[in-house]
Ligand SMILES: Cc1ncc(C[n+]2csc(CCOP(=O)(O)OP(=O)(O)O)c2C)c(N)n1
Ligand SMILES: [Mg+2]
């Protein structure tokens, strides 16, 4: 992985995410921006994919279980050439192929429909089982929110994954400390997330800065080295909600907020400064 290019890619994903949500006027900007760096790493050569053949049968697959982060995934896919950049301006408009939440039947490059929190975890395990039955050696990547993992279904899927030795599953927890209307700690404290997955039979890692592409890439490499151990992998990413646009970073209000033209201009200027500083 070329670090500078991946950082550049992440900033460009952020720019497109903010532009398309701004074009619509409102959206889940905080949780979209917090997963941009993991998306940048996955789509910078980690995943075996072909934008010209989005349904390639033995591709690596991504389930963005926190489906409300769709705009970040769409921006990534557009920049990779899955569909024209102009399509981003149709986000959540009538007839769009880019609904606010991920939909595999509408968007090229989206591998699973998500939005009902928790369900993507079970879908990912089903995908991993199916791929193994087909004899493929591909990976299933899963992105979960920290609030999302309070859904019991996530732990049912975690139990199943370990029991079935799904060691080609690599899950990420976007630990941005915030959920819809309060901090995770206040609503239902999670404790040591990695230790909990470990007790469920997973190989677990903590990434201190979950918005650092190098730390993320190193953790994925270690997770991949576990393939064959029988253990699924989880990587807990300590992230910042709204990362990249200082006005909203770490704020609960960024969950689903109005994004004005002025905000877009301000955010893009800030991101351009970040690009220059690379
Ligand atoms: C089953 C279900 N319950 C409630 C919601 C509404 N909802 C959407 S996002 C969200 C908060 C999720 O928090 P977290 O997973 O931390 O998301 P992030 O911080 O990454 O945006 C909730 C409750 C939903 N989409 N699905
Ligand atoms: Mg969260």
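Where a number appears in this text, it was derived from the coordinates with a stated rule and is not lab data. Quick caveat, the model's predicted, so the values are computed rather than measured. With ideal geometry, Cβ positions are generated from the backbone for all residues, glycine too; neighbour counts draw on all protein chains shown.
Taking the highest mean first, how do the peptides 263-275, 148-160, 14-26 order by number of other beta carbon atoms within 10 angstrom per residue?
The densest-packed peptide leads the list: 14-26, 148-160, 263-275.
The range 19-141: percent of C-alpha pairs farther apart than 22 Å?
Numbers: 2237 of 7503 pairs.
I get 30 percent for the Cα pairs in the range 19-141 exceeding 22 Å.
Report, to the nearest 10°, how far helix 152-163 tilts away from the longest principal axis of the Cα atoms in the chain, using its own Cα long axis and a range of 0 to 90°.
Computed tilt is about 40 degrees.
Is the range 87-184 best put as rounded, prolate or oblate by its Cα gyration tensor, with a ≥ b ≥ c the root eigenvalues, rounded for a/c under 1.5, and otherwise prolate when a/b is larger than b/c, oblate when not?
Details: a/c = 2.52, a/b = 1.21, b/c = 2.08.
It is oblate, given that a/c is not under 1.5 and a/b is not larger than b/c.
Restricting to Cα pairs below 8 Å that are 6+ residues apart, what does the relative contact order work out to for the range 3-276? Please round to a whole percent.
Relative contact order comes out at 24 percent.
Beyond 17 Å, what share of the Cα-Cα pairs of the range 133-178 is found? Please give it as a whole percent. Write out the running numbers ahead of the final one.
Working: 408 of 1035 pairs.
Above the 17 Å cut-off, the range 133-178 has 39 percent of its Cα pairs.
Hey, can you rank 39-48, 65-74 by average C-beta count inside 10 Å, highest first?
Listed from highest to lowest mean packing, they are 65-74, 39-48.
Output the 0 to 90 degree angle, nearest 10, between the alpha-carbon long axis of helix 261-276 and the longest principal axis computed from the alpha carbons of the chain.
70
Hey, could you grab the Kirkwood Rh for the range 157-278? Inverse mean 1/r over distinct alpha carbon pairs, Å, one decimal.
16.3
Rounded to the nearest 10 degrees, what's the angle between the helix 119-133 long axis and the longest principal axis of the chain, both from Cα atoms, 0 to 90?
That works out to roughly 50 degrees.
With both partners inside the range 3-276, how many of the DSSP beta bridges are antiparallel, as a percent to the nearest 5?
10
Over every pair of different alpha-carbon atoms in the range 3-276, take the mean of 1/r and invert it; report that Kirkwood radius in Å.
Taking the inverse mean of 1/r over all distinct Cα pairs, the range 3-276 comes out at 18.4 Å.
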